[in-house]
1. Bin width 10 Å, alpha-carbon pairs only: give the P(r) of the chain as whole percents, running from 0 to the bin holding the largest distance.
2. What percent does the relative contact order of the chain come to when contacts are Cα pairs within less than 8 Å and at least six residues apart?
3. Report the extension gain between Leu89 and Asp151 in nm, rounded to one decimal, defined as 0.36 nm multiplied by the number of residues separating them, less their alpha carbon distance.
4. Can you pull the Kirkwood radius for region 214-287, inverse mean 1/r over Cα pairs, to one decimal in Å?
5. With only alpha-carbon atoms counted, please give the Rg and Dmax of region 61-111, in Å.
6. Give, as ranges by residue number, the residues of region 2-21 whose backbone N falls under 15 Å from the point 7 Å along Cα→Cβ of Asn163.
7. Okay, helix-only estimate at 222 nm for the chain: each DSSP H run of n ≥ 4 adds -39500 (n - 2.57), divide by all residues, round to 500 deg cm²/dmol; what do you get?
8. How long is region 1-105 along each principal axis, judged by its Cα atoms, biggest number first, in Å?
Amino acid sequence: MILPPLRYLRPGSVGDAVHWLTHIDGAIVLAGGQTLVNALKLDLVAPTALVDIHRLDELRSIAVSPDRTLTIGAATTYAALAASTDVRLTAPSVASMAAGLVDRQVRNRGTIGGNVCLNDPTNNFPPLLVALGARFTVLGPEGTRTIDADDFFVGTMTTALGNGELLVSIEIPPLPRGARLVHRHLQVGADSWAMARAVVRIDDDNGVVVASRVVVGAVLGSPQRLRLVERALVGLPTGGDLDGAAAEAFDRESIETVGDVHCSADYRRQMSKVQLRRALRDLAKGTPS
Ligand SMILES: Cc1cc2nc3c(=O)[nH]c(=O)nc-3n(C[C@H](O)[C@H](O)[C@H](O)COP(=O)(O)OP(=O)(O)OC[C@H]3O[C@@H](n4cnc5c(N)ncnc54)[C@H](O)[C@@H]3O)c2cc1C
């Protein structure tokens, strides 16, 4: 379908971008365009103007601070994440997630900021960033604010971003010593969307789980933290039956799933549990993500 007429704006700075987003009614951000352009063609969105941020260098940087916090500019592409030595060394799960995402074309254009701002339940990064305890820096008409990943993802395709706000960067704190993280997912096809996704992180202190984050994706309002599973894991020996404890707690979680052309809601729920158990088995074997 031919796109309807609309303004295309290329800001020279992050400040200009926020100015246009705030003052032009119906203006929205264009990042990699991998979802947005398709949505425009299908008439699913009808903005009056596109504010193209993908060439802003200030949004494409990757930096590691002395305390090993990784800061990623919102317009950093998946390909840049996968190729970055800094990302591979400080947050290997982010590099591997980016490297395995879809196909080369999407990896070369799609951005981590677009991935999280869209918050499509099937998207790869929201559950991972919740498990990593990431923080999002946002610039808007009222200035800058920081939002924890737990609060950023509000519901299916909805985030905490307000009118005129632009996601500027994502900060990933270093994992505590002894922490391990594994992600697992079930894809529709080799280079396609996930039907179920689980990310498991356990923080190990002297052979005991002292904290955990268990997040599922591809479910309603995803990413969803499974607090009952997290509580069931804490206090167990890391070499113990984490899989059994998690499986039992999973059945008590109220996770809402939906059916679609790929599978039923019930199948998706069952597959979420399977991904969780596989992730825990990977953790037990020491398989890296
Ligand atoms: C064939 C195909 C298969 C795909 N499969 C997968 C998959 O398996 N897993 C997966 O995770 N993704 C998948 N995607 C989606 C892809 O990852 C997109 O790149 C991503 O969803 C959006 O990123 P983008 O940079 O292209 O953003 P855009 O499409 O440009 O924007 C997406 C949305 O985010 C908003 N936005 C973008 N950046 C910002 C910002 N900095 N601040 C505020 N708002 C912003 C835009 O206004 C828009 O609403 C697939 C895409 C295609 C075409």
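1. Pair shares across the bins are 7, 28, 35, 22, 8, 1, 0.
2. After rounding, I find 15 percent.
3. Fully extending the segment from Leu89 to Asp151 adds 19.6 nm.
4. For region 214-287, inverting the mean 1/r across all distinct Cα pairs yields 12.8 Å.
5. Reported Rg and Dmax, both Å: 10.5, 34.
6. Flagged as within label range: 19-21.
7. -9000 deg cm²/dmol
8. 45, 31, 16
The values are calculated or read from the model by the stated rules, or taken from the named source; none is laboratory data. In this text the structure is predicted, and so the values were computed from the model without any measurement. Glycine gets a Cβ as well: all are built from the backbone with ideal geometry, and neighbour counts include every protein chain shown. Note: areas computed on protein heavy atoms with side chains; ligands, DNA, RNA excluded. Shrake-Rupley method; radii C 1.70, N 1.55, O 1.52, S 1.80 Å.
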